[in-house]
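Presented below is the structure to which this report refers.
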Amino acid sequence: MLNKIITLNEYIAHKQKDFSYATGELSGLLQDIALAAKIVNREINKAGLVNILGATGSSNVYGEEVKKLDVFANDQFIRSLRTSGECCGVASEEEESFIAFENEKAKKAHYVVCMDPLDGSSNIDVNISIGTIFGIYRRKSKVSDICNLDDFLQKGRELVAAGYVIYGSSTMLVYSAGGKVNGFTLDPSLGEFCLSHHDIKIPKKGKIYSINESYKNSFSKSVNEFVEYCKTEDKATNRPYSSRYVGSMVTDFHRNLIKGGIFMYPALRNHPNGKLRLLFEGCPMAYLVEKAGGRATTGYTDILDVQPTGVHQRVPIFIGSEDMVEKVEAFIQKYESVSSL
Ligand code: P6P
């Protein structure tokens, strides 16, 4: 029997019926994000052909070189959210602070969005997969007011939806709005995201570990001991594991979500909170991995339980298959008093 094509918009509308209280606002916001992703995808696919490769010569708040596609993606998502009417403000990795939308329609909206508009952008010029990451919170401030910082400094447990777009061999949008994690693959001939991965569950055990081992001399003893554990032959526990690290979190996360594995960006000697951002990478990906049956921790606390204190706060991240995250936690417990840092 031919499988019926279910588009993202059909799926969102269908799921909305499951929630009698749903007013369609979250549905509309998800559709606005998906539309912006299609526009960004179109530019990424032709980036090599037109002059939007290469740096803008400017840098972002972290001092990282900003590529033209970074700027395009950031502008596109902010424009889409500003006009959505379902979003009253956005915090973007590419912006110094959050942006409060001041048009009357936006001020009446119930949601704010935290996002990394183009994660892994250093890979743009070498045609390696990159991605967009987003998390959606209900605002805490009064509807009709302008949103404020507290709307964004919410724990990941408060997320109402989160997802990512991976611009790879195919372009996929993966999200959860509180229930299952579903993947939708963009069919360029239709211009539609179509359901392709229903109810994604991350394998409890995995055989892939993802970490930038060039920082070995900056890792704690527990992290180095765990990496050696991953490399050690032991047939009973399916080791050695395979090392896979792309340098694009969305890509490494997505592969591990489907196949099983652990992605780690731990504390480094000179960066005690690591590199990745709590609001833009940590919380959305932790929300998704827990909905898919996995774990995400700083090594000491679930990522979703960390209270944000700043929009650009960084956090150490160990995320992926439950058994592998629990194993690295055990190493941290065992060696934490004997840190080599
Ligand atoms: P490193 C990309 O710049 C990014 O934010 C993530 O997508 C990626 O996992 C990480 O940084 C790579 O960092 O230090 O290994 O180059």
### Message
Yes or no: region 128-148 includes at least one residue that is more than 16 Å from the ligand (Cβ to nearest atom), β-branched (V, I, T) and touching a Leu at 6+ places or on another chain (Cβ under 6 Å).
### Response
no
### Query
Residues of region 99-127 being within 11 Å of the ligand (Cβ to nearest atom) and under 21 Å from Q31 (Cα atoms), which ones?
D116, L118, D119
### Task
Answer yes or no: is there a residue in region 215-232 that is farther than 30 Å from V328 by Cα and modelled with pLDDT of 95 or more.
no
### Query
For region 44-65, does any single residue satisfy the condition of being under 18 Å from L173 (Cβ atoms) and modelled with pLDDT of 75 or more?
yes
### Message
Of everything in region 228-281, what is touching a residue at least 60 places away in the same chain (Cβ under 8 Å), in a loop (DSSP other than H, G, I, E, B) and within 8 Å of the ligand (Cβ to nearest atom)? Give them in sequence order.
### Response
V246, G247, S248
### Query
Is region 189-208 home to any residue that is within 22 Å of I332 (Cα to Cα), more than 16 Å from the ligand (Cβ to nearest atom), surrounded by 18 or more Cβ atoms within 10 Å (Cβ to Cβ) and in contact (Cβ under 8 Å) with a residue 40 or more places away in the chain?
yes
### Query
When you go through E336, E290, E326 one by one, which is the residue that is at pLDDT below 95 and charged (D, E, K, R)?
E336
## Note on the structure
Exactly one of G178, G156 is at pLDDT below 95, farther than 15 Å from A34 by Cβ and more than 16 Å from the ligand (Cβ to nearest atom), and that one is G178
### Message
Looking at N127, N148, can you tell me which residue is closer than 19 Å to T309 by Cβ and of a type outside the set (V, I, T)?
### Response
N148
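The values are calculated or read from the model by the stated rules, or taken from the named source; none is laboratory data. From a predicted model like this one, the values you see are computed outputs, not experimental measurements. Glycine also receives a Cβ, built like all others from the backbone with ideal geometry; neighbour counts cover every protein chain displayed.
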